[in-house]
Structures are given as C-alpha cells and as structure tokens.
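Peer 1: Have a look at this one.
The values are calculated or read from the model by the stated rules, or taken from the named source; none is laboratory data. Quick caveat, the model's predicted, so the values are computed rather than measured. Because the Cβ atoms are built from the backbone with ideal geometry, glycine has one as well, and the counts that use them run over all protein chains shown. We work out accessible area using only protein heavy atoms, side chains counted, and drop any ligands, DNA or RNA first. Shrake-Rupley method; radii C 1.70, N 1.55, O 1.52, S 1.80 Å.
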Amino acid sequence: MTDEEIISLYKTGKLEQAFNSIVKSYSERLYWHVRRFLCSHEDTDDLLQEIFIKIWSSLHTFRGDAQLYTWLYRIATNESLNFLHKKKIRAALMFQSLTSELEKTIDDDPYFNGNEAQRTLSKALAKLPDKQKSVFILRYYNDMKYEDISELMDTSVGALKASYHIACEKIKEELKNFNIEI
C-alpha cells in the first residue's frame, strides 16, 4: 500500500486500518533502520514495539506537512537515539563504555550473518557521534535524499553533506585499521 493510500485511510477516519497498513508497509524497513543504531536484535524488537505504540498514539498529530515515511523515520531515529542515550548513561554509571558494549553486542549477536567487513562497518558506525551516525544510516543504508533527511532532521542540506562526508572519512579510517579495502 502506498503512503498516499495510507493517508487517505487516515483522513477518512479509518485509523486502525491506516495504522495496520503502516505496520505492514514499514515494519521491516524500520526494523533494519533501528537495528543499525542498536546493533542488537532483542533491543531492536523491543524498541520497535515502542516505536509503533508511539506512532499509534501520535497518528492524530500527523498533519501531512511532511511525507509519511519521513515522519515515521523521524520517530524511529529519535527513539533510537533516546534509547542509546539512556544506555550510555547506564554504561557510565557502571564505568563502562557504550561503544565497547555495542562492539561486544555485535560480536556476540547470534543473528548477525554478515562477513567480517560488515561486522567492522557496524563497529565503526557504533563509534560515530549521533548526528553523523543518523545521517550515514539514512543516506547510505536507506538511500534517502539529502532533502528528505533535511526535513527529517531539521538541518540544512549543506550541514548534512558535511556530516555524511566526515562520517565516511571516519569509517574509511576504521576500515583501513582493519586492513579492509574499500
């Protein structure tokens, strides 16, 4: 179902049907979007449920100013960053590093089925600051246009391009440290 059809269902008062269509259309895409932030299948599954609850409870606030998918990705991105922020605080209280914890999660993940280059890329991504990580995930993995990311993150296209470039340079350096050709 297209975003336009989902919005049409919503506007005609068929909220539950619209929400079910959102879940059906976006579950897998949002799962992988969130998973790239959290690195854990279990955490992603839990957070994705919370994200869909937030979407359901906020659906009445969707004004149509933005595209539906950017609105959904904004919610998923913000919830992922909030989750990581809380996890960072818990790690600090236990005198641990969130980056180390995420790297361990990547290494221990029974659901990870990528090769060593993908594992290293995931670890490099975990080390990026939130804004660079968000821009990289949205641009590289989700193939979003800078204009859509700009709308989603409320940042200029130029700033996004700079963040993406810096993120790419950091990731290239990290991959080079592991002798992985890019």
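A quick yes/no check of all residues on (1) open to solvent by 20 Å² or more (accessible area, probe 1.4 Å); (2) within 15 Å of the chain's Cα centre (by Cα):
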residue	(1), (2)
GLN118	yes, no
LYS131	yes, yes
VAL135	no, yes
LEU138	no, yes
ASP143	yes, yes
MET153	yes, yes
GLY158	yes, no
HIS165	yes, no
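Peer 1: Turning to a different aspect of this structure: I'd like to check something: does the stretch 77-84 contain any residue that is in contact (Cβ under 8 Å) with a residue 60 or more places away in the chain and within 23 Å of THR2 (Cα to Cα)?
Peer 2: yes
Peer 1: Right, something else. Which pairs have Cβ atoms under 8 Å, sit 6 or more apart or on different chains, and link a residue in the stretch 32-58 that is among the hydroxyl-bearing types (Ser, Thr, Tyr) to one that is surrounded by 21 or more Cβ atoms within 10 Å (Cβ to Cβ)?
Peer 2: Taking only residues 6 or more apart or on different chains, the pairs are THR44/VAL34; THR44/ARG35; THR44/LEU38.
Peer 1: Further question: Within the stretch 41-50, is there a residue that is in contact with a helix residue (DSSP H, G or I) (Cβ under 7 Å, 6 or more places away or on another chain) and either under 24 Å from GLU147 (Cα atoms) or not in a helix (DSSP H, G or I) (or both)?
Peer 2: No, the conditions are met nowhere in the stretch 41-50.
Peer 1: Yes or no: LEU98 modelled with pLDDT of 75 or more and buried (at least 16 other Cβ atoms within 10 Å of the Cβ)? Quick ask: steps written out before the conclusion?
Peer 2: Details: modelled with pLDDT of 75 or more: no; buried (at least 16 other Cβ atoms within 10 Å of the Cβ): yes.
When the stated conditions are applied, LEU98 does not pass them.
Peer 1: Let me ask something additional. Among the residues of the stretch 10-34 satisfying the criterion of being surrounded by fewer than 19 Cβ atoms within 10 Å (Cβ to Cβ) and aliphatic (A, V, I, L, M), which is farthest from the chain's Cα centre (by Cα)?
Peer 2: For the stretch 10-34, the residue satisfying everything is LEU15.
Peer 1: Of all the residues that make up the stretch 35-69, how many are of a type in the set (Val, Ile, Thr) and surrounded by fewer than 21 Cβ atoms within 10 Å (Cβ to Cβ)?
Peer 2: Number satisfying all stated conditions: 3.
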